[in-house]
Amino acid sequence: MVENTITRTVTVRNRQGIHARPATLIAQLGRRFDAQIVLVKDHERALCTDVLHVLALGLLAGQSLTVEATGPQAEEAVEAMARLIHEELPQIED
Amino acid sequence: MKFADFIAPESISASLQAIDKEGAIREMAQSLLDAGRIEKTQFDSIIKAILKREELGSTGIGRGVAVPHTKHASVDKLVGTVAVSKEGVDFASLDGETVHLFFLLVSPMDRPGDHLRALENISRQLRNDTFCRFLKQAKSPAEIQLLLDEADNNQFGS
């Protein structure tokens with residue numbers, strides 16, 4: 001069976017961008033799914049469970065990224081990750 | 001944002017002595033105080049703010065790296081320090097590993113961009129295993145400073 005990659009483009013909305021705490025929340029969420037989740041900004045790719053790589057993307061408020069997931073829970077993973085980045089992170093203050 | 005833009009050279013430590021999280025944070029903040037980069041009257045307030053941030057979630061981001069930090073009204077520009085612990089410190093990191101490489105940052109209240117750019121630079125360089133290894137093996141602050149300068153000059157190809 002060929003695994004599909006599910007993708008979704010989201011915009012960073014929290015004012016401070018993806019700094020250490022959002023990056024850690026992203027990594028923690030990513031570990032919950034049976035899927036490999038990659039964040040893509042321009043041509044740079046970061047495995048979401050690697051906080052260092054996520055931080056290295058340098059995502060500022062207003063920038064877009066693509067969430068890509070592959071694996072048995074790819075769809076749920078993309079939904080949850082998009083919701084975290086687009087809806088939940090703006091509500092969390094650091 | 002390059003390391004030279006925010007790391008106080010005189011505060012760098014190649015031999016952090018602390019054996020726990022609070023001790024490590026205090027030791028690094030003390031080095032910034034000794035370097036004249038933070039005010040003595042604000043020292044306790046800064047420590048408290050950094051520890052409060054740790055309560056939200058450890059800044060031990062894995063791979064033996066921690067980035068303890070806070071915003072603070074007493075600084076008007078981002079200031080930071082680097083410290084290496086040879087023994088490693090339990091920082092309740094995301095991956096459960098002890099931390100050997102610390103970057104402590106104190107940022108002005110309303111400049112999230114500077115903080116993020118500093119984190120981005122730190123992360124980009126630390127993605128490079130060679131850079132990490134050299135930092136962990138550094139025998140002196142001068143050696144660490146040299147490595148930071150080389151990173152700023154893109155010599156690690158990060």
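The values are calculated or read from the model by the stated rules, or taken from the named source; none is laboratory data. What you see is a predicted model; the values in this text were computed from it and never measured. Cβ atoms come from the backbone with ideal geometry, glycine included; neighbour counts cover every protein chain shown. All accessible areas refer to the heavy atoms of the entire protein, side chains included, with ligands and DNA or RNA removed. Shrake-Rupley method; radii C 1.70, N 1.55, O 1.52, S 1.80 Å.
Compute a Gaussian network model of chain B, connecting alpha carbons closer than 10 Å, and tell me which residue from B:Asp34, B:Asp114, B:Asp95 fluctuates the most. With Cα springs under 10 Å in chain B, the top fluctuation among B:Asp34, B:Asp114, B:Asp95 is at B:Asp95. When the GluC sites (Glu not before Pro) in the range A:54-94 are filtered for DSSP coil states and for at most 13 other beta-carbon atoms within 10 Å of their beta-carbon, the remaining sites are A:Glu93.
Loop-resident GluC sites (Glu not before Pro) (DSSP state other than H, G, I, E or B) in the range B:1-77 with no more than 14 further Cβ atoms inside 10 Å of their Cβ: B:Glu39. Taking all protein chains together and a 1.4 Å probe, the residues B:Lys71, B:Lys40 rank B:Lys40, B:Lys71 from largest to smallest accessible area. Taking a sphere under 15 Å around the Cβ of B:Arg124 and counting the other residues whose Cβ falls inside, with K and R at +1 and D and E at -1, yields a net charge of -2.
Taking the protein heavy atoms of chain B in the context of the full set of protein chains, the accessible area attributed to carbon and sulfur is 49 percent at 1.4 Å.
What does the charge dipole of chain B about its Cα centre add up to, to the nearest 20 debye, if the Cβ of each Lys and Arg holds +1 and the Cβ of each Asp and Glu holds -1?
Dipole magnitude for chain B comes out near 160 debye.
Given an 8 Å cut-off on Cα distances and at least 6 residues of separation, report the relative contact order of chain B as a percent. So the answer I get is 28 percent. Of the whole protein surface, B:Val99 contributes about 0 Å² of accessible area at a 1.4 Å probe radius.
The listed residues B:His100, B:His72, once ranked by accessible area (1.4 Å probe) with the largest placed first, stand as B:His100, B:His72.
For the options B:Ala73, B:Ala92, B:Ala29, a Gaussian network treatment of chain B with springs between C-alpha atoms closer than 10 Å singles out B:Ala73 as fluctuating the most.
Expressed to the nearest 5 percent, the antiparallel share of DSSP beta bridges inside the range B:34-148 is 65 percent.
With angles folded into 0 to 90 degrees, how steeply does helix A:74-83 sit against the dominant principal axis of chain A? Use alpha carbons for both and round to 10. Compared with the principal axis, the helix lies near 10 degrees.
Here the Gaussian network model covers chain A, with springs between Cα atoms less than 10 Å apart; of A:Asp50, A:Asp34, A:Asp42, A:Asp42 fluctuates the most. Overall size of the range A:38-94 from C-alpha positions, given as principal axis extents largest first: 33, 25, 18 Å.
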